[in-house]
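Read-outs: derived from the displayed coordinates by stated rules, not from any lab. Predicted model only: the values in this text are computed from it and were never measured. Here the Cβ positions follow ideal geometry from the backbone for every residue, glycine too, while neighbour counts run over all protein chains shown.
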Amino acid sequence: MKKLIVAAGLSVVLAASLAHGVPIGFFPGLDQLIERTDAIVILRVDRHVTDFGSPTLYSTHDCYIYQTLKGDIPTHETIRLQLMDTRTSFATPYAMHSTHLMFLTKKRTADEPTDYRTIEIRGANIRLSPFGHEKMPSGKTINDQVKSLLKGTAEYNQKQHDNEQTFLKLMIKGTAEPTDVPGEK
């Protein structure tokens, strides 16, 4: 009887979580992701308007738009957007003043609080390095510009990872001498 009650309870919890869950589509390839979006922007998160506990996975933010690669969102202005972390992680990537490449869709119903929101596809939110993205990325096509940003982000992330690993190795070794860590001078 106890197992039946536990199974019933788990079923209710599972059903409730699925009812509030938001399906996030698989990455369809860069060309299709670009095609499916109404706007692609480089933005900085300046203010959190709502909290991060929404069952829709969206939170609302005031964002400064550095560049618009696709669409008609004005640049060098602050606009309110609904953002979603399409990586489905437990920690939000939307730290104050963080910079992102966002793939957006126009609102689908009149009662949505913003004109644009993140498209529900994995890869629609890419956190960029915290500096240097006020300039238009190199490339002639939107695809080329996005790839330019992704390449720079990958290089920045690798440097950050390498620095963190070096520091962790110093801590493990218990020394403050960077010359003791392989690969460090």
* Asked: Taking Cα centroids, how far is the stretch 61-81 from the stretch 104-147 in Å?
  -> 9 Å
* Asked: So what are the three principal axis dimensions of the stretch 30-134 from its Cα atoms, in whole Å, longest to shortest?
  -> 32, 27, 24
* **Residues Val146, Val22 arranged by fewest to most Cβ contacts within 10 Å** => Val22, Val146
* **Computed over the stretch 30-134: relative contact order in percent, which uses C-alpha pairs under 8 Å that are six or more apart** => 29 percent
* Using packing as a proxy for protection, rank 76-83, 159-166 so that the peptide with the highest average count of other Cβ atoms within 10 Å comes first. => 76-83, 159-166
